[in-house]
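Below: the structure, in structure tokens.
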Amino acid sequence: MHKEEIILLHLTLYNIKKLFENAGIANGHFRAYDELGVQPVHIHKSKTEHKRAISLLCKGISEIFRERSPEDLIECEGLRFVIQSIAPELCEP
């Protein structure tokens, strides 16, 4: 992948991280990512550093999915609106 594509993936995963944090779901899941200090806006950082950031974001996201069931995530008010806009069939009773 080109560096621009890596940064776009980094940005996408970063937005998912922020979504979980704003919903009150992330509880230390992204500590390693935050300590790394590489964000998508840091375009001067190397491709390798962005790949490391992506790996840490994926790890945090996967930990959330390992700890919480899909039903639990759907019931979370902070995520429900986003899920309804993406896949409304998941939120039907």
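In table form, for the structure just shown:
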{"quantity": "Subset of region 73-82 (residues that are in a helix (DSSP H, G or I) and either under 11 Å from Asn22 (Cβ atoms) or more than 15 Å from the chain's Cα centre (by Cα) (or both))", "calculated": "Ile74, Glu75, Glu77, Gly78, Leu79, Arg80, Phe81, Val82"}
{"quantity": "Residue satisfying all of: in region 19-38; in a helix (DSSP H, G or I) and at pLDDT below 95; most open to solvent (accessible area, probe 1.4 Å) among these", "calculated": "Asn22"}
{"quantity": "Residues of region 43-54 that turn out to be in contact with a helix residue (DSSP H, G or I) (Cβ under 9 Å, 6 or more places away or on another chain) and farther than 11 Å from Tyr14 by Cβ, as a count", "calculated": "7"}
{"quantity": "Test: residue in region 65-72 that is open to solvent by 70 Å² or more (accessible area, probe 1.4 Å), part of a helix (DSSP H, G or I) and among the aromatic types (Phe, Trp, Tyr)", "calculated": "yes"}
{"quantity": "Selection from region 1-18 of residues that are under 19 Å from Arg68 (Cβ atoms) and open to solvent by less than 70 Å² (accessible area, probe 1.4 Å)", "calculated": "Leu13, Ile16, Lys17"}
{"quantity": "Enumeration of residues in region 12-29 that are farther than 19 Å from Cys76 by Cα and touching a residue at least 12 places away in the same chain (Cβ under 8 Å)", "calculated": "Leu13, Tyr14"}
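The values are calculated or read from the model by the stated rules, or taken from the named source; none is laboratory data. The shown structure was predicted, so the numbers you read here are calculated from the model rather than taken from an experiment. Every residue, glycine as well, gets a Cβ built from its backbone with ideal geometry; the counts of neighbours run over all protein chains shown. With ligands, DNA and RNA removed, areas are computed over all heavy atoms of the protein, side chains included. Shrake-Rupley method; radii C 1.70, N 1.55, O 1.52, S 1.80 Å.
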